[in-house]
Amino acid sequence: MNWRSFLPSRRVLALLIAVIAVTGYFGWRMSQNRVVRAPAEIEDYLFWQAKDLSEFQLLRAGNGSLGLKDLRGRWTFVFFGYTHCPDICPVSLAVLGQAFRLIDQTPERLGQTQGIFISVDPGRDRPEALAEYAAYFHPRLIGATGSVAELEAFSRQIGVFHALEKPESGKAADDYLVTHSATIFLIDPEARLVGKFSPPQNAEEIVKAFSKIRAIHSEGAKSRWTLF
Amino acid sequence: MDIVLRALISLSLWFFAAAACAASPEIRVLEPWVQAAPPNAKVLAAYLRFQNTGTRPHTLSAVSSPVFERVELHQTVLRENMAGMQKVGELRLPPKETLALKPGGLHLMLIGAKQALRAGDVVPLTLSLKDGSTLSVDAIVRGAPAGADQPHRDQNHSGHASHAH
């Protein structure tokens, strides 16, 4: 038997080299992209993967427009609702206001943290009144709304929907209820949707989780982070 | 000192008398409060607990307040973190049971505020039962949301302040 028959054929050799090259390349890329693992206790508040938001336009209450650039460079809490909402909205906004006061007492302070209350009821919520409504809970809370199409486009990016219910029979046309998301969302300074706080919310819980999310964010500043 | 003591005694006697002449002594209203909202808010929510100490069921059929155009009974329904509201026609108060109206659930929707309300203000509520009797309570406007970790600060506005006519 020829000793040459024990050597791999040229084709197999080429395949082997290709596999080693590809594995090596991805291994090198992974070592560049250090993965930061989120601590288990904040898993519930994080999305599986941070989601890059794309450009959007909303009407900023009392001060022009609101777009992607207004999310960059700061942490943003987002809540959807409407001012004719008696139960869920004032309670969640009060929790957020309380959370902001508590965050301001931590070593990191409020810094560039902001909150946006997005009214999904542009028919009744005028921008000026919305600004006043939002600021009541905390000065860092701004009001925003938009056209039906603008609101739907932004809601879709966040992954929520809302619906204006029909008025009950015998009631005025502007006397209706709105079904909306009751979750407080968190967007990071790179304008990525990273976190969520489901109802019922608690200010201390939000502050603790936010501080940990900020810590892993700065740890993996330029790298990717994941739950796995 | 004497005057203060005498005032306290007469005040507690008055509460006693008010409770004694109640048309519906079986229903007690505990810790009525209103979630503070911005001055331009058109609607607010009131929360409280009903305690039926009697042996027969009662039904809450209507609520009104002199500082609001109307009051409706509502239930917030949370489904997959979406909040919706449903109007509730009547509220059954089974015997020997306590029913809590609280954020994210059953609440009194106060519609059409006639004046801006601030934390500390009082919202008088008249609760009408199906048997024709009524209960009057004063709900305090509170800034902080109530939670399990939130102690109730309005000591003097618990069930003792409620009396029926």
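The values are calculated or read from the model by the stated rules, or taken from the named source; none is laboratory data. The structure presented is a predicted model; accordingly, all values stated were derived computationally and were not measured. Reconstructed Cβ throughout: ideal geometry from the backbone, glycine too, with neighbour counts over all protein chains shown.
Are any residues in the range A:151-183 in contact with a Pro (Cβ under 9 Å, 6 or more places away or on another chain), farther than 15 Å from B:ILE111 by Cβ and either more than 10 Å from chain B (Cβ to nearest Cβ) or surrounded by fewer than 19 Cβ atoms within 10 Å (Cβ to Cβ) (or both), and if so, which ones?
Scanning the range A:151-183 gives A:LEU151, A:ALA173.
With the requirement that a residue be away from every other protein chain (no Cβ under 14 Å) and touching a Phe, Trp or Tyr at 6+ places or on another chain (Cβ under 9 Å), what does the range B:23-44 give you? Lay out the reasoning, then the answer.
In the first step, residues of the range B:23-44 are kept if they are away from every other protein chain (no Cβ under 14 Å); the result is B:23-32.
Those that are away from every other protein chain (no Cβ under 14 Å) and touching a Phe, Trp or Tyr at 6+ places or on another chain (Cβ under 9 Å): B:ILE27, B:ARG28, B:VAL29, B:LEU30, B:GLU31, B:PRO32.
Go through the range B:8-51 residue by residue and tally those that are among the polar types (S, T, N, Q), at pLDDT below 95 and surrounded by 16 or more Cβ atoms within 10 Å (Cβ to Cβ).
The qualifying residues number 2.
Yes or no: A:SER119 within 23 Å of B:VAL77 (Cβ to Cβ) and free of Cβ contacts under 8 Å to residues at least 60 places away in the same chain?
Yes, satisfied.
Evaluate the range B:93-106: report whether one residue or more is more than 8 Å from chain A (Cβ to nearest Cβ), acidic (Asp, Glu) and touching a Leu at 6+ places or on another chain (Cβ under 8 Å).
No, because not a single residue in the range B:93-106 is more than 8 Å from chain A (Cβ to nearest Cβ), acidic (Asp, Glu) and touching a Leu at 6+ places or on another chain (Cβ under 8 Å).
Take the residues of the range A:56-108 that are aromatic (Phe, Trp, Tyr) and under 16 Å from the mean Cα position of the chain (by Cα): which is farthest from A:LEU186 (Cα to Cα)?
A:PHE56
Evaluate the following for A:SER119: is it polar (S, T, N, Q) and in contact with an Asp or Glu (Cβ under 7 Å, 6 or more places away or on another chain)?
So A:SER119 passes the test.
Which condition number does B:SER65 fail, the rest of (1) away from every other protein chain (no Cβ under 14 Å); (2) modelled with pLDDT of 65 or more being met?
(1)
Is it the case, given these coordinates, that A:ILE116 is touching a helix residue (DSSP H, G or I) at 6+ places or on another chain (Cβ under 9 Å) and away from chain B (no Cβ under 14 Å)?
Here the answer is yes, as A:ILE116 does meet what is asked.
Of all residues in the range A:71-112, which are more than 24 Å from B:ASN40 (Cβ to Cβ) and either free of Cβ contacts under 8 Å to residues at least 60 places away in the same chain or not assigned by TED's automatic domain parsing to the domain that holds A:PRO189 (or both)?
Matches in the range A:71-112: A:ASP104, A:GLN105, A:PRO107, A:ARG109, A:LEU110, A:GLY111.
Output the number of the condition that A:VAL207 fails; it satisfies all remaining conditions of (1) in contact with an Asp or Glu (Cβ under 6 Å, 6 or more places away or on another chain); (2) more than 8 Å from chain B (Cβ to nearest Cβ); (3) under 21 Å from A:CYS89 (Cα atoms).
In the conditions (1) in contact with an Asp or Glu (Cβ under 6 Å, 6 or more places away or on another chain); (2) more than 8 Å from chain B (Cβ to nearest Cβ); (3) under 21 Å from A:CYS89 (Cα atoms), A:VAL207 misses (1) alone.
Conditions (1) free of Cβ contacts under 8 Å to residues at least 24 places away in the same chain; (2) among the aliphatic types (A, V, I, L, M), marked per residue:
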site	(1), (2)
B:GLN35	no, no
B:PRO38	yes, no
B:GLN51	no, no
B:PRO57	no, no
B:PHE68	no, no
B:VAL71	no, yes
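Out of all the residues in the range A:75-113, which are at the interface with chain B (Cβ under 8 Å from one of its Cβ atoms) and assigned to a loop (DSSP other than H, G, I, E, B)?
Across the range A:75-113, the qualifying residues are A:THR83, A:HIS84, A:CYS85, A:PRO86, A:ASP87.
Here is a list: A:PRO189, A:PRO200. Which entry is within 14 Å of chain B (Cβ to nearest Cβ), surrounded by fewer than 20 Cβ atoms within 10 Å (Cβ to Cβ) and part of a loop (DSSP other than H, G, I, E, B)?
Selected residue: A:PRO200, the only one of A:PRO189, A:PRO200 that is within 14 Å of chain B (Cβ to nearest Cβ), surrounded by fewer than 20 Cβ atoms within 10 Å (Cβ to Cβ) and part of a loop (DSSP other than H, G, I, E, B).
Any residue at all in the range B:94-105 that is surrounded by fewer than 16 Cβ atoms within 10 Å (Cβ to Cβ), hydroxyl-bearing (Ser, Thr, Tyr), modelled with pLDDT of 90 or more and at negative phi?
yes
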